[in-house]
Amino acid sequence: MPRWMETRDDATLANAASTLFRSYFSEDPEGVWAAPGRVNVIGDHVDYAGGISIPFALKANTAIALRRSGQPTYRVVSLAPGQHEASRVEIPINEVGPGSPDNWAGYVVGAIWAAIEAGVIPCAEGLDMAIVSDVPVGSGLSSSAALECSAALGSLELATGRSASEAERTALVDACIRAENEVVGASTGGLDQRASLFGQEGKALVIDFQEGSTTLVPFDLSGHGLALLIADTNAPHALNDGQYASRRGVIDDVTAAMGAQTLREVDNAVVRAASWANAEGRDAEVTCKRVKHVVEETDRTAEAAKALERDDLNTFAKLMRDSHESLRDQYEVVTPELESVFQTVGSRGSRMTGGGFGGSVITIVAEDEVAALAERIAQAAEAQGFPEPSFMVATPGAGARRLV
Ligand code: ADP
Ligand code: MG
């Protein structure tokens, strides 16, 4: 039997967060907030280049129970999916900043720190926090953004005593990006945080990073008798950090050499990148492949958005496959485990999703074929000696919000 990921409903998740809170802090929390992971349907490795992505918020969430402690510290406990014992971190408020803390709690208190620095959260207060999550960690479904966004939104709304405005949510996106870049030291382009804070039930987001705009489009596969199957390869992320940064580094270097802010602004980017690489003694072939992926993926995602608007799922599926092949052949972030899933699903609309080097593959499949396809994917992994994958059928859920 294939292994399915657990996704708890809001009430169950809130209850779990409150129970964890009480067991560590011996009091009730003042409130519980949640933020979802996300799946990027198309448009990967373009957010940091002013491109376009189409993610949606998952129904798998990270929940955080909060209480003001009156102490000058943050105390955080977290029970990640599949963990049996909670991790704990305690840090004085004034020790939070670039590079500190250098552990998982950096996502949590780093997001709060960046929101205070930006003036969105009015002042620093000591907090006790208990976190539970259904967003699998390191699976390309953005557990990191779910963690940051739940903590940032929760501490903002607890401090102000009201719901965050749209402008405040936008400011929190930037704060969470800053936390991930400066406190944790992971380069992130903003796709994940935008999807987690602005997702809506039944809708995908078309995010244009150049224009800074987000448009909601209907994403209803079940109206066509179809489903989106996520297969998490559960393959370890070997060398992940350096590889991601090196891909991004090429794009950033080309962009800077062209005197532009983003690659999207550069006309004839592939040709110009080639002559630049030659002149600089860089590998022109590799540089061209990387730039070509980013330029074409952005065009492809713009086309995919139009296909979604006219409900043209055949075109959308074809664009997904083209995207996967480009991530495999030009950006070179597809592992054998990811490729195995892509090959197993045949000619269906399918692609790896997220940053690559491990993580998940998404596939559009008839609702009544979901179970059989999951079984085939699991068998293919077993036959090749890969880790056992886990599965989720994903539909667009709500963005970050207060639960209790
Ligand atoms: P992704 O965001 O795709 O899941 P990342 O590498 O960006 O992968 O983020 C994963 C990291 O986020 C983990 O290594 C851990 O530090 C942190 N993290 C995510 N979820 C949790 C959680 N529920 N509890 C504690 N840390 C978490
Ligand atoms: Mg992440």
Test: residue in region 363-380 that is surrounded by fewer than 21 Cβ atoms within 10 Å (Cβ to Cβ) and in contact with an Asp or Glu (Cβ under 6 Å, 6 or more places away or on another chain): no
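Looking at region 170-223, which of its residues are part of a loop (DSSP other than H, G, I, E, B) and under 13 Å from the mean Cα position of the chain (by Cα)? Steps first, please.
So the first thing to find is which residues in region 170-223 are part of a loop (DSSP other than H, G, I, E, B), and the list is 185-190, 199, 201-202, 209-212, 219-221.
Those that are part of a loop (DSSP other than H, G, I, E, B) and under 13 Å from the mean Cα position of the chain (by Cα): A186, S187, T188, G189, G190, G199.
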Extreme residue, surrounded by the fewest Cβ atoms within 10 Å (Cβ to Cβ), among residues of region 185-213 that are over 23 Å from D299 (Cα atoms) and within 14 Å of ligand 2 (Cβ to nearest atom): G185
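With the requirement that a residue be under 25 Å from the mean Cα position of the chain (by Cα) and either in a helix (DSSP H, G or I) or farther than 30 Å from A305 by Cα (or both), what does region 21-53 give you? Walk me through it before giving the result.
To start, the set of residues in region 21-53 that are under 25 Å from the mean Cα position of the chain (by Cα) comprises 31-53.
Listed by number, the residues that qualify are G31, V32, W33, D47, Y48, A49.
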Condition check for A152: over 28 Å from L313 (Cβ atoms), buried (at least 22 other Cβ atoms within 10 Å of the Cβ), of a type in the set (G, A, S) and more than 14 Å from ligand 2 (Cβ to nearest atom): yes
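From the list A159, A204, A145, which one is free of Cβ contacts under 8 Å to residues at least 60 places away in the same chain and either more than 16 Å from ligand 1 (Cβ to nearest atom) or closer than 30 Å to K292 by Cβ (or both)?
Details: A204 fails: free of Cβ contacts under 8 Å to residues at least 60 places away in the same chain; A145 fails: free of Cβ contacts under 8 Å to residues at least 60 places away in the same chain.
Of A159, A204, A145, the one residue that is free of Cβ contacts under 8 Å to residues at least 60 places away in the same chain and either more than 16 Å from ligand 1 (Cβ to nearest atom) or closer than 30 Å to K292 by Cβ (or both) is A159.
Would you check if there is a residue in region 186-200 being among the hydroxyl-bearing types (S, T, Y), out of contact with any Cys (no Cβ under 9 Å at 6 or more places or on another chain) and within 16 Å of ligand 1 (Cβ to nearest atom)? Can you show your working first?
Of all residues in region 186-200, those among the hydroxyl-bearing types (S, T, Y) come to 187-188, 196.
So of that shortlist, the ones also out of contact with any Cys (no Cβ under 9 Å at 6 or more places or on another chain) come out as 187.
Those left that are additionally within 16 Å of ligand 1 (Cβ to nearest atom): 187.
Yes, some residue in region 186-200 is among the hydroxyl-bearing types (S, T, Y), out of contact with any Cys (no Cβ under 9 Å at 6 or more places or on another chain) and within 16 Å of ligand 1 (Cβ to nearest atom).
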In region 289-315, the residues that are under 24 Å from D220 (Cβ atoms) and either without any contact (Cβ under 8 Å) to a residue 40 or more places away in the chain or outside any helix (DSSP H, G or I) (or both): E303, K306, A307, R310, D311, D312, N314, T315
Per-region count, region 253-308, residues touching a His at 6+ places or on another chain (Cβ under 8 Å) and acidic (D, E): 1
Exclusive hit being at pLDDT 95 or above and either within 29 Å of F357 (Cβ to Cβ) or within 11 Å of ligand 1 (Cβ to nearest atom) (or both), set V135, V120: V135
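Provide a single number: the residues in region 123-145 that are within 14 Å of ligand 2 (Cβ to nearest atom), among the aliphatic types (A, V, I, L, M) and in contact with a Lys or Arg (Cβ under 8 Å, 6 or more places away or on another chain).
Looking only at region 123-145, we keep the residues that are within 14 Å of ligand 2 (Cβ to nearest atom), and these are 133, 135-145.
Then keep just the ones that are among the aliphatic types (A, V, I, L, M); that gives 135, 137, 141, 145.
If we keep only those that are in contact with a Lys or Arg (Cβ under 8 Å, 6 or more places away or on another chain) too, we end up with 141, 145.
Total meeting the criteria: 2.
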Pairs where the first residue, in region 95-107, is more than 16 Å from ligand 1 (Cβ to nearest atom) and the second is among the basic types (K, R) and part of a helix (DSSP H, G or I), C-beta under 7 Å, 6+ apart: none
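Table: residues versus (1) within 12 Å of ligand 1 (Cβ to nearest atom); (2) out of contact with any Phe, Trp or Tyr (no Cβ under 9 Å at 6 or more places or on another chain).
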| residue | (1), (2) |
| --- | --- |
| V39 | yes, no |
| V46 | no, no |
| G50 | no, no |
| A57 | no, no |
| L66 | no, no |
| Q71 | no, yes |
| Q83 | yes, yes |
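The values are calculated or read from the model by the stated rules, or taken from the named source; none is laboratory data. None of these values were measured; they are calculated from a predicted model. Backbone-built Cβ (ideal geometry, glycine too); neighbour counts: all protein chains shown.
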